[in-house]
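J.: I have a structure I would like to understand better, so I am pasting it below and will then ask my questions one at a time.
The values are calculated or read from the model by the stated rules, or taken from the named source; none is laboratory data. Remember, it's a predicted structure, so these values are computed and weren't measured experimentally. Cβ placement follows ideal geometry from the backbone for every residue including glycine, while neighbour counts extend to all protein chains displayed.
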């Protein structure tokens, strides 16, 4: 599908928004998670989302937006992010983040790759592929953690809850109208 | 949690503690830690545990600043995220070393001074002045010294650990120095926020660390210069470190300006408070 630069910019800025939220969610969990090894896992991984944020932020600047500008995701998608951030038990946080939200975002990225023109949109594609590549490592780190600490693997249905919310999504980008200037 | 049979810490200076699992015994004061002779076998074991917990404190503090200051420039937020990740790696390296040496998590009590003091500072420039320009700068000195000490002991693995840690600390001090200079240039009143933060931390330090030992090592001058401290700041740091080593005290309990001391165990807020004033005057 051919999309306009304007549409691509909105999508990229929305990816940036999502990554900032993920970085902030993990940051909030670092001091408030009791289990040492889980705390450290969150602390390490928030840097990955900061890097993805940075890449998408720079790319937004290349697509006629200001650099490092975010576009808030659609309201139903923001609700998923809010629910994720609200988990307060460590096993729910782990399950919700690694098995739930990363899986949802992975699907969004894969769908974006399938839709993108591989030549016209190559700079964005490279960023998305890099993010997907990082996800494999993040999820492997998580698997290693729960293998060592099985008590952290229960999850209390957190991932299922998030995935159920995502099933009813019709889109995650709140595209600008033709008349709308960009607002952060 | 908290030190046995002691008054609770002043809640205006110390924030709530972070979450810790049941393995940990968290105390409030340095005197309630297991303070073995640093170079003894038991002291070396305890050092690994203490250092691991310090790395976790800095990680938690960097993460908390990401939460507390969502509107600051992206570049500085990115650095905070990087620092958080670096400290997490450091903690993992110490955990690995602890495991190799049979040291259990929770084997020794820990103190969460850094996070609790930093959490009460309401400006990012203040937190960076205390955490990165003071604690991390002292950590840089300690790591540089630690490399040489480990080499002398024939412990190449620990030397490599310390060397890598020093390289990371240099980045953390450096980005804070860059941010502080930029902000002071933009608005010289930012010096006041730094001074308030440094004063608070010095007072808190005096409460939590009273009775501690003096540092065993000096200022890593070339590394501090590389991290963006001015020659004048390094000169002042060297003078103060020399003065403290001569006095043999960790905290100058008679000093009215609450100047703190540096040790392998903790920070020196007062030292860098003075450095900051020097820096501020030059910027002005």
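Conditions (1) farther than 22 Å from residue B:84 by Cα; (2) at pLDDT below 95; (3) out of contact with any helix residue (DSSP H, G or I) (no Cβ under 6 Å at 6 or more places or on another chain), marked per residue:
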residue	(1), (2), (3)
A:57	no, no, no
A:71	yes, no, no
A:75	yes, no, yes
A:94	no, no, no
A:102	no, no, no
A:105	yes, no, yes
A:114	yes, no, yes
A:118	yes, yes, yes
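J.: If you scan the stretch A:1-36, which residues turn out to be in contact (Cβ under 8 Å) with a residue 40 or more places away in the chain and under 12 Å from residue B:19 (Cα atoms)?
T.: Once the filter is applied, which keeps residues that are in contact (Cβ under 8 Å) with a residue 40 or more places away in the chain and under 12 Å from residue B:19 (Cα atoms), the stretch A:1-36 yields A:28, A:29, A:32, A:33, A:34, A:35.
J.: If you scan the stretch A:171-184, which residues turn out to be touching a residue at least 40 places away in the same chain (Cβ under 8 Å) and either in a helix (DSSP H, G or I) or surrounded by fewer than 14 Cβ atoms within 10 Å (Cβ to Cβ) (or both)? Can you show your working first?
T.: Restricting attention to the stretch A:171-184, the residues satisfying the condition of being touching a residue at least 40 places away in the same chain (Cβ under 8 Å) are A:171-176, A:182, A:184.
Selection gives A:171, A:184.
J.: Return the total of residues in the stretch B:112-133 being more than 9 Å from every other protein chain (Cβ to nearest Cβ) and part of a helix (DSSP H, G or I). Explain how you work it out, then say what you get.
T.: The first filter runs over the stretch B:112-133 and keeps only residues more than 9 Å from every other protein chain (Cβ to nearest Cβ), leaving B:112-114, B:116-118, B:120-133.
Now drop any that are not part of a helix (DSSP H, G or I), which leaves B:113-114, B:116-118, B:124-133.
Final tally of qualifying residues: 15.
J.: Specify which of the listed residues (B:72, B:26) is touching a helix residue (DSSP H, G or I) at 6+ places or on another chain (Cβ under 6 Å), surrounded by fewer than 22 Cβ atoms within 10 Å (Cβ to Cβ) and within 14 Å of another protein chain (Cβ to nearest Cβ).
T.: On the way: B:26 fails: touching a helix residue (DSSP H, G or I) at 6+ places or on another chain (Cβ under 6 Å).
The unique qualifying residue is B:72.
J.: Something else about it: Which is closer than 28 Å to residue B:203 by Cα and at pLDDT 95 or above, of B:38, B:109, B:4, B:8? Don't jump to the end; show me each part of the working.
T.: Working: B:38 fails: at pLDDT 95 or above; B:4 fails: at pLDDT 95 or above; B:8 fails: at pLDDT 95 or above.
On inspection, the qualifying residue turns out to be B:109.
J.: Would the stretch B:31-49 turn up any residue that is within 14 Å of residue A:39 (Cα to Cα) and either more than 9 Å from chain A (Cβ to nearest Cβ) or surrounded by 21 or more Cβ atoms within 10 Å (Cβ to Cβ) (or both)? Steps first, please.
T.: Filtering the stretch B:31-49 for residues within 14 Å of residue A:39 (Cα to Cα) gives none.
Among the residues of the stretch B:31-49, not one is within 14 Å of residue A:39 (Cα to Cα) and either more than 9 Å from chain A (Cβ to nearest Cβ) or surrounded by 21 or more Cβ atoms within 10 Å (Cβ to Cβ) (or both), which makes the answer no.
J.: Consider the stretch B:78-104. How many of its residues are under 20 Å from the mean Cα position of the chain (by Cα) and within 30 Å of residue A:69 (Cβ to Cβ)?
T.: Keep residues of the stretch B:78-104 that are under 20 Å from the mean Cα position of the chain (by Cα), which gives B:79-95.
Next, only the ones that are within 30 Å of residue A:69 (Cβ to Cβ) stay: B:79-88.
The number of residues fulfilling the criteria is 10.
J.: When you check residue B:56 against the structure, is it in a helix (DSSP H, G or I), facing another protein chain (nearest Cβ under 9 Å) and surrounded by fewer than 19 Cβ atoms within 10 Å (Cβ to Cβ), yes or no? Spell out the reasoning first.
T.: Working: in a helix (DSSP H, G or I): yes; facing another protein chain (nearest Cβ under 9 Å): yes; surrounded by fewer than 19 Cβ atoms within 10 Å (Cβ to Cβ): no.
No.
J.: Further question on the same structure: Could you figure out which of (1) modelled with pLDDT of 95 or more; (2) over 21 Å from residue B:135 (Cβ atoms) isn't true of residue B:80?
T.: (2)
J.: Here's a check for you: in the stretch B:82-111, which residue that is outside any loop (DSSP other than H, G, I, E, B) and more than 12 Å from chain A (Cβ to nearest Cβ) is farthest from residue B:41 (Cα to Cα)? I'd like the intermediate steps shown before the answer.
T.: Filtering the stretch B:82-111 for residues outside any loop (DSSP other than H, G, I, E, B) gives B:82-100, B:110-111.
Remaining after also requiring more than 12 Å from chain A (Cβ to nearest Cβ): B:97, B:100, B:111.
Details: B:97: 14, B:100: 15, B:111: 21 Å.
Within the stretch B:82-111, the match that is farthest from residue B:41 (Cα to Cα) is B:111.
J.: So, one more: What's the number of the only condition in (1) in contact with a helix residue (DSSP H, G or I) (Cβ under 6 Å, 6 or more places away or on another chain); (2) buried (at least 24 other Cβ atoms within 10 Å of the Cβ); (3) in a helix (DSSP H, G or I) that residue B:163 fails to meet?
T.: Failing condition for residue B:163: (2).
Okay, residues lined up against (1) farther than 15 Å from residue A:98 by Cβ; (2) surrounded by 18 or more Cβ atoms within 10 Å (Cβ to Cβ):
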{"residue": "A:126", "(1), (2)": "yes, no"}
{"residue": "A:130", "(1), (2)": "yes, no"}
{"residue": "A:139", "(1), (2)": "no, no"}
{"residue": "A:142", "(1), (2)": "no, yes"}
{"residue": "A:148", "(1), (2)": "no, no"}
{"residue": "A:158", "(1), (2)": "no, yes"}
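J.: Quick test for you: out of B:107, B:136, B:148, pick the one residue that is more than 18 Å from the chain's Cα centre (by Cα) and under 26 Å from residue B:229 (Cα atoms).
T.: Working: B:107 fails: under 26 Å from residue B:229 (Cα atoms); B:136 fails: more than 18 Å from the chain's Cα centre (by Cα).
Only one candidate qualifies: B:148.
J.: Another question about this same structure. Could you check the stretch B:178-284 for helices (runs of 4 or more DSSP H) lying wholly inside it with 2 or more residues that are at pLDDT below 50?
T.: Fully inside the stretch B:178-284 and qualifying: B:269-283.
J.: Do any residues in the stretch B:2-22 that are within 14 Å of chain A (Cβ to nearest Cβ) have Cβ atoms under 7 Å from those of residues that are at pLDDT below 95 and loosely packed, with under 15 Cβ neighbours inside 10 Å, where the two are at least six apart or on different chains, and which pairs are they?
T.: Sorted first by the residue in the stretch B:2-22, then by its partner, the pairs are B:17/B:1.
J.: Sticking with this structure for a sec: Output the helices (runs of 4 or more DSSP H) that fall wholly within the stretch A:1-101 and possess 2 or more residues being farther than 17 Å from residue B:67 by Cβ and within 11 Å of another protein chain (Cβ to nearest Cβ), or say none.
T.: A:36-62
J.: For the subset of the stretch A:117-163 comprising residues that are without any contact (Cβ under 8 Å) to a residue 12 or more places away in the chain and under 27 Å from residue A:7 (Cα atoms), which member is farthest from the chain's Cα centre (by Cα)?
T.: A:119
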